[in-house]
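For reference, the structure is listed below as structure tokens.
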Amino acid sequence: MNHLKFGTTLAALAMGAVLTVATTPKAHADDARSRCQHRVEKAQDRYRHEVHEHGRHSPQADNAKARMQSEWDRCYTEAHGWYDPNTHQWRTDRDWDRNYDWDHDHDNDRH
């Protein structure tokens with residue numbers, strides 16, 4: 001009888017370990033994406049602010065744009081994708097330089 005309880009307990013522990021290991025990478029990936037999304041949205045807010053205050057072609061806006069591109073690069077490394085805050089979508093191709101609409105904020109532009 002004790003042998004049966006030991007076997008059942010061992011099987012339950014093994015199953016728990018398998019489930020824990022199987023779900024950890026997804027949870028980690030979700031956390032990485034959540035952190036990246038937050039950083040990108042913050043960088044976009046900064047870019048919009050600089051464009052509004054100084055104009056789209058100002059050194060301040062250029063610095064903010066570079067920061068956002070740096071965040072995308074970091075996200076791509078950490079989460080294997082990048083977040084487009086204009087469309088609220090994750091993308092898996094490393095193509096933000098071709099697919100991000102920098103003119104999305106043209107209404108706030110000061111020339």
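FYI, it's all coordinate maths here, none of it is from the lab. Everything numeric in this text was worked out from a predicted model, so none of it was measured. Cβ: placed from backbone, ideal geometry, glycine included. Neighbour counts: every protein chain shown.
Among 15, 68, which comes first, then next, by fewest other beta-carbon atoms within 10 Å?
15, 68
Quick one: compute a quarter of the convex hull surface over the Cα atoms of region 27-105 and quote it in nm².
With the hull built on Cα positions only, its mean projection is 4.6 nm².
What is the order of 40, 51, fewest Cβ neighbours within 10 Å to most?
40, 51
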